[in-house]
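Every number in this text was worked out from the coordinates using simple rules, so none of it is lab data. Note that the structure is a prediction, hence the values are computed from the model and not measured. All Cβ positions, even for glycine, are placed from backbone atoms using ideal geometry, and neighbour counts span all protein chains on display.
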Amino acid sequence: MIQQLPLFPLGTVLFPGSTINLHIFEERYRTMINQCIVEDVPFGVVYLRSGDEVTEDRPFARPAETASIGTMTQINAHVRLEDGRFLINAIGMQRFHIQYIIQRSPYMVGMVMPLSEESGSQVESAAKELRAVYRRYWHAVSVASGAPVEVEDLPVAPEALAYYLADRCQVGYPQKQRWLEMELTERLRSLSSELISELAILPPSVGLGNLN
């Protein structure tokens with residue numbers, strides 16, 4: 001169901017399940033965050049494709065051009081400073097697609113459609129492959145470095161697995177945004193490909209080996 005959501009363009013990508021710390025100092029976003037706190041409602045983090053994050057007292061700031069898919073974000077904790085600024089910790093909850101913008105000043109508000117994640121045998125198969133590639137990746141790192149590596153436990157749910165690894169991969173924000181926009185099966189497979197490409201730069205003696 002389409003719903004109204006205040007939007008916060010940022011030069012970063014937030015995935016569902018990941019947390020973010022923000023220093024809210026612009027007056028317009030102080031107003032937005034205060035309303036979210038008082039009404040206990042989420043806001044939307046959207047990737048800033050071009051333009052400027054900060055426009056206050058900057059007459060030549062470029063207008064924000066954002067991605068159309070972002071993440072609903074719930075404030076976990078906040079501190080309001082004496083001068084009205086906020087320090088907040090928030091967590092990504094669910095993807096959404098911006099249908100249209102209904103307000104641009106003092107801050108953006110959009111009508112958005114929450115996005116669900118696909119399920120089924122293809123998802124489970126892609127998740128199984130990603131877990132295998134992930135184990136092989138860290139085994140290869142251990143062999144290449146000559147030091148033991150303790151592999152962390154991964155989330156069980158395929159969507160949580162994908163977001164967990166997408167958040168931790170050392171790639172640029174445009175690629176992270178592409179992962180956010182992908183359907184789950186494609187996202188899982190793309191993450192496997194990313195890890196395999198990382199394996200390719202390790203010494204040849206390590207090899208890919210058996211991924212099962």
Next on the checklist: Less than 9 Å Cβ to Cβ from L180, Lys/Arg counted +1 and Asp/Glu -1: what total charge do the surrounding residues give?
Outcome noted: +3
Checklist outcome for this item: Taking the chain and counting helices only, DSSP H stretches of n ≥ 4 at -39,500 (n - 2.57) each over all residues, the nearest-500 ellipticity at 222 nm comes to -11500 deg cm²/dmol
Checklist entry - Put +1 on the Cβ of each Lys and Arg and -1 on the Cβ of each Asp and Glu in the stretch 121-199; which of V171, L154, V123 then has its Cα farthest toward the positive end of the dipole? => result V171
Item to check | V143 paired with R80, simple spin-label distance in nm, labels 7 Å along Cα-to-beta-carbon | outcome: 5.8
Checklist entry - Given the options E65, E194, E150, which has the most mean-square fluctuation in a GNM of the chain, springs set between C-alpha atoms less than 10 angstrom apart? => result E150
Checklist entry - Nearest 10 degrees, 0 to 90: what angle lies between the long axis of helix 184-199 and the longest principal axis of the chain (Cα atoms)? => result 60
Next on the checklist: How large is the convex hull of the C-alpha atoms of the stretch 121-199 per residue, in Å³?
Outcome noted: 80
Checklist entry - Which of (i) 16.2; (ii) 12.4; (iii) 14.3 is the computed mean projected area of the Cα convex hull in nm² for the structure on display? => result (iii)
Checklist outcome for this item: If each K or R counts +1 and each D or E counts -1, the residues other than V123 whose Cβ falls under 14 Å of its Cβ total -3
Checklist outcome for this item: Dipole check, the chain, charges on Cβ (K,R +1; D,E -1), about Cα centroid: among V41, H78, Y137 the Cα furthest to the positive pole belongs to Y137
Next on the checklist: Of the candidates A77, A126, A90, which one comes out as most mobile in a Gaussian network treatment of the chain with C-alpha springs shorter than 10 Å?
Outcome noted: A77
Checklist entry - Treating the beta-carbon of each Lys and Arg as +1 and of each Asp and Glu as -1, no other charges, what is the dipole magnitude of the chain about its Cα centre, to the nearest 20 debye? => result 300
